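Readers should treat all values here as calculations from the given coordinates under stated rules, not as data from a laboratory. Just so it is clear, the model here is predicted, and its values are computed rather than measured. All Cβ positions, glycine included, derive from the backbone under ideal geometry; neighbour counts span all protein chains shown.
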Amino acid sequence: MSHLHVPDGIMPFYVWFGGYVLTFVIIFIITKKLIVNETRKKIPYTGVAAALMLITMSIPLGIIPVHLGLATLTGILVGPSLGFLAVFVVNMLLAFIGHGGLTVVGLNTLVIGLELVIGVYVFRFLVKKYSTSLSASVGTALAILVSLAFMFGIVGNAVGFVETIPHHHNEHNEVENGESIQEETFAEAVSEVKYFIFTGWTALVLIFAAGILVEVLITIGIIRFFMNVRPDIIKSSHRFT
C-alpha cells in the first residue's frame with residue numbers, strides 16, 4: 001500500500017534524484033556484502049517473490065481502493081538484502097507500465113524497502129519467542145504503518161498531502177491565503193473519500209485498516225504454507241528453529 005503513484009514532473013528534482021542516489025548506494029552496499037553461494041540458492045525464490053509482488057501491486061483489491069505490496073513477506077522468504085533488490089526491480093517494472101513515474105522509482109524503492117526491512121527484523125525479533133504467524137502478522141502491520149508514515153512525509157512535504165489520499169479527485173477551490181490553500185484542499189479531499197456508508201476520516205482509516213488486514217492474512221497464509229512444505233526456506237534466512 002505504501003507506494004507513490006506520482007507521475008513524472010511532479011516531484012521536485014532534489015527529492016527524486018536524492019531517492020535514486022540513496023537507493024543506488026544501498027544496492028551497492030548490498031551487492032558487496034552478498035555471499036555468492038548462498039545468493040545463488042535464493043535467486044529462484046527471489047524471482048518468485050518479485051513476481052508475486054509485481055502481480056499484487058498491479059491489481060487493485062476491488063472493494064478496497066488500495067493494492068497489496070507483500071514487502072514483508074518477500075523479506076521473510078529471501079531475506080532483507082535480496083528482498084531490497086527485488087523491490088527495486090519490481091518498482092522499475094511497474095514504472096515502465098505506467099504504475100508510478102520513472103522519477104519516483106528510487107523513492108518507491110526506499111519506501112517499500114523500509115517496509116521490508118522493518119517487517120523482517122520485527123519478525124526475527126518476535127519469532128524467537130512466538131509463532132511464525134504471530135510474528136509475521138505483527139511485523140507486516142507495523143512495517144506498513146511505518147512505511148505509510150514515511151510515504152506521507154515525503155509526498156506531503158514535496159507536493160502536498162492531498163496526493164497521499166487514495167483516489168482523491170484533486171479538484172480544489174482556491175482561497176486568498178496561500179498557506180490555507182493546502183489545508184483547505186486536503187480537508188476537502190478527505191471529506192470526499194467514501195467507503196461503503198462511511199465518509200471522511202472514518203472512511204480513510206477503514207480503507208487503510210482493511211488493506212493492512214488483507215495483507216496480514218495473505219502473508220500469514222503463505223508463511224504457514226512454506227512452514228508446512230519447505231520450512232528450511234524461511235529458517236535458513238532467519239536462523240531460527
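Which whole-number percentage describes the relative contact order of the chain, with Cα contacts under 8 Å and a sequence gap of 6 or more?
Relative contact order, the chain: 24 percent.
For VAL6, the residues whose amide H sits under 5 Å from its own are GLY101, ignoring neighbours fewer than 5 places away on the same chain, with H placed 1.01 Å from N. Build a GNM of the chain with springs between Cα atoms under 10 Å apart, and of LEU73, LEU148, LEU93 the one that fluctuates most is LEU93. Karplus-derived 3J(HN,Hα) values for the range 140-147, using 6.51 cos²θ - 1.76 cosθ + 1.60 with θ = phi - 60°, are 5, 4, 5, 5, 5, 4, 5, 5 Hz; glycine and proline are entered as x.
Which of the following values of Cα extents along the principal axes in Å was calculated from the structure shown: (i) 62, 40, 29; (ii) 88, 35, 34; (iii) 54, 46, 33? Structure-derived value, by its label: (i). In this label model, GLU38 and PHE24 are separated by 2.8 nm, measuring between points 7 Å along each Cα→Cβ vector.
Put simply, the amide H of VAL193, placed in the peptide plane, has neighbours under 5 Å in GLY200, leaving out anything fewer than 5 places away on its chain.
Need one word for the range 1-79: rounded, prolate or oblate. Basis is the Cα gyration tensor (sqrt eigenvalues a ≥ b ≥ c); a/c below 1.5 gives rounded, then a/b vs b/c decides.
Oblate.
Given 0.36 nm per residue, what is the gain on full extension from TYR130 to ALA149 after removing their alpha carbon distance, in nm? Intermediate values should be presented prior to the final figure.
Details: separation 19, 0.36 × 19 = 6.84 nm, distance 2.68 nm.
Roughly 4.2 nm would be gained on extension.
Highest GNM mean-square fluctuation among LYS194, LYS42, LYS33, for the chain modelled with Cα contacts below 10 Å: LYS33.
Counting every other Cβ atom within 10 Å of each residue's Cβ, ARG230, ARG40, ARG124 order from fewest to most as ARG40, ARG230, ARG124.
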